[in-house]
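One structure is given here, and the rest of the page talks about it.
The values are calculated or read from the model by the stated rules, or taken from the named source; none is laboratory data. All values reported here derive from a predicted model rather than from experimental measurement. Neighbour counts are summed over all protein chains in view; Cβ atoms, including those assigned to glycine, are modelled from backbone coordinates with ideal geometry.
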Amino acid sequence: MYARPGSPGVRVVFALSAILVAATACSPSAERPVDDLVRQGNVFLDPETREPYSGLAIATFDGQPGVVSKRLTLREGTYDGPYEAFFENRRLSSKEIYRDGVRHGRYEWYFENGQLFEEGTYVEGTLEGPYRAYWENGDLYEEGTYRSGQFDGPRRWYMDGRLVELVTYRSGVIDGLYERYLEDGTLDLKGMLRNGTPCGMWIEADQTIPYPACSTRIVD
């Protein structure tokens, strides 16, 4: 709505503009070079105050001051918030979230061509939940589930969109069903393992291979 000069509406706009200009002048730089900060161990300090630095910071590639290699968020001198790394072609290399200096939340890593390479989730620095990795053409390469930083449950590998191998884990140890497939999708090898050791009856191609009976497993 148009307001004529001298009207209350104009005075409000001018006052708001003055506030915004003042706030901008008093705010810290949006992105501060990491090299300007003083590092003591894993803590970044403001070079002027020698206090832990809070705010955005960037690093650049050697000899390429205009090409950002990483962009990070610091709180009280430690990683806390979004973190991004880049290739020299300026494409995203990784995207993560930190809390109190450790990874916490979803992460994504990329190939240099921009395709997603790997994705998963950290909880207080430990891998937790579904995990996936990809071929450079975008096809699924591997998938599984982490529990307290270790694979737990089925872990599968793929090639050209087809399953080639399945390994079952229990708290980071191979324990359970194993399967391997040929290029035409035919099952080539199948059997059970307990604590990494084959047990029970295995099938390989057209042969049956007996192993000692599988011990009874106590379910968590």
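Can you confirm whether segment 185-204 contains a residue that is closer than 29 Å to residue 116 by Cα and either surrounded by 14 or more Cβ atoms within 10 Å (Cβ to Cβ) or in contact with a Leu (Cβ under 6 Å, 6 or more places away or on another chain) (or both)? No. Residues that are among the charged types (D, E, K, R) and either touching a helix residue (DSSP H, G or I) at 6+ places or on another chain (Cβ under 9 Å) or closer than 12 Å to residue 78 by Cα (or both) within segment 33-45 comprise just one, 39.
Counted as qualifying within segment 107-220 are the strands (runs of 3 or more DSSP E) with 2 or more residues that are among the hydroxyl-bearing types (Ser, Thr, Tyr) and at pLDDT 95 or above, namely 116-123, 129-134, 140-147, 162-170, 173-181. If you filter segment 145-168 down to residues that are in contact (Cβ under 8 Å) with a residue 24 or more places away in the chain and of a type in the set (Ser, Thr, Tyr), you find that the one that is farthest from residue 118 (Cα to Cα) is 168.
Is it the case, given these coordinates, that residue 91 is under 30 Å from residue 73 (Cβ atoms) and either assigned by TED's automatic domain parsing to the domain that holds residue 64 or not β-branched (Val, Ile, Thr) (or both)? Steps first, please.
Details: under 30 Å from residue 73 (Cβ atoms): yes; either assigned by TED's automatic domain parsing to the domain that holds residue 64 or not β-branched (Val, Ile, Thr) (or both): yes.
Considered against the rule, which asks whether it is under 30 Å from residue 73 (Cβ atoms) and either assigned by TED's automatic domain parsing to the domain that holds residue 64 or not β-branched (Val, Ile, Thr) (or both), residue 91 comes out as yes.
Among the residues of segment 71-126, the one identified as touching a Pro at 6+ places or on another chain (Cβ under 6 Å) and among the polar types (S, T, N, Q) is 73.
Just checking, how many residues over segment 133-155 are under 15 Å from residue 173 (Cα atoms) and surrounded by fewer than 16 Cβ atoms within 10 Å (Cβ to Cβ)? Steps first, please.
Here is the first cut: in segment 133-155, the residues under 15 Å from residue 173 (Cα atoms) are 144-155.
So of that shortlist, the ones also surrounded by fewer than 16 Cβ atoms within 10 Å (Cβ to Cβ) come out as 148-150, 153-154.
Total satisfying the criteria: 5.
Selection of segment 171-218 for residues being more than 19 Å from residue 153 (Cβ to Cβ) and of a type in the set (Asp, Glu) yields 183, 184, 188, 204, 206. Pairs linking a residue in segment 170-183 that is surrounded by 15 or more Cβ atoms within 10 Å (Cβ to Cβ) to a residue that is among the hydroxyl-bearing types (Ser, Thr, Tyr), with Cβ atoms under 9 Å and 6 or more positions apart or on different chains, are 174/168; 174/197; 175/168; 175/169; 176/168; 176/169; 178/168. Checked against the criterion of being under 30 Å from residue 176 (Cβ atoms) and not charged (D, E, K, R), the candidates 53, 98, 131, 110 yield just one match: 131.
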